[in-house]
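The block underneath contains the structure these notes are about, expressed in structure tokens.
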Amino acid sequence: MRSVGRRSSVDEVISQFNEQLTSGEWKPGERIPTEQELGAELGVSRAVVREAVRALAHLGVLESRQGAGTFVVSAADPTPMLRQLRLAEVRDVFEVQLAYDVQAARLAAMRRDDADVRRLRELLEHRDRAETPDEFGAADADFHCAVVEVAQNPLLLEMYRYLLGRLQEGLQTLRLHADLAEAGPHPHHALLDAIEAGDPVAAAEAAQAVIQPSLTSLGGVLDGSRATNQQSKHVPEGDR
């Protein structure tokens, strides 16, 4: 592999990894070099290597085994999907979250136990106390991810974890812009109450109510922005 430099993005490191996979240098079943070795070879930090490995692990290309290292599972090229997720609009991300969250809430209400409910309540209280946009984004993502964990569907959980980075960015955006709405604490507590009560229908409805205000708000802002841009194209050059 060629050095990509310390200022390189995770995408560039993933591209390097993908070249190793498609060329056959890294074969399915083999262990890849360590984070330290890869970082030294590529000229990037271990944190960048770790994020690239995590992204490919979420796609099922690599698998990290505690105490043994990271192994190749598939040589399929994940680059298009990774690029699409990174370029997706915030509204796109929330639309996907809505699909995941409704099903996860329904399953969580059917499969939760007392320990699950206690953990969800602790995470929700942490969300309620969050003050900064960064803290809020992390706390909200932790709560929603925990609901997916309670659903006890490993595939849904892995797909949701891969979405979390963009989802957290979207939540931070909501808190930073006053004209964008988020559901607030009440719908989240209604979701937890429905899960605790073991009511899958109410839980699914509550999950919908949690995401919909953000989607509606984002849709209005994006549509308004597009309309403004369209109008500006029709303004004569001398009138601008």
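The values are calculated or read from the model by the stated rules, or taken from the named source; none is laboratory data. Computed from a prediction, not measured in an experiment: that's the story for all the values here. Reconstructed Cβ throughout: ideal geometry from the backbone, glycine too, with neighbour counts over all protein chains shown. Accessible surface areas use protein heavy atoms only, side chains included; no ligands, DNA or RNA. Shrake-Rupley method; radii C 1.70, N 1.55, O 1.52, S 1.80 Å.
How big is the charge dipole of region 28-162 about its Cα centre, in debye rounded to the nearest 20, if each Lys and Arg gets +1 on its Cβ and each Asp and Glu gets -1 on its Cβ?
Working: 17 positive and 24 negative charges, 56 e Å.
Dipole magnitude for region 28-162 comes out near 260 debye.
Quick one: which of 26-32, 161-167 comes out on top by average Cβ neighbours within 10 Å, and what's the full order, highest first?
Highest-to-lowest ranking by the protection proxy: 161-167, 26-32.
Compute, for VAL117, the solvent-accessible surface of its heavy atoms (probe 1.4 Å) with the complete set of protein chains present, and express it in square angstrom to the nearest 10.
Taking all protein chains as shown, VAL117 has close to 10 Å².
If you count only protein heavy atoms and use a 1.4 Å probe, how large is the accessible surface of GLU12, to the nearest 10 Å²?
Accessible area of GLU12: about 90 Å².
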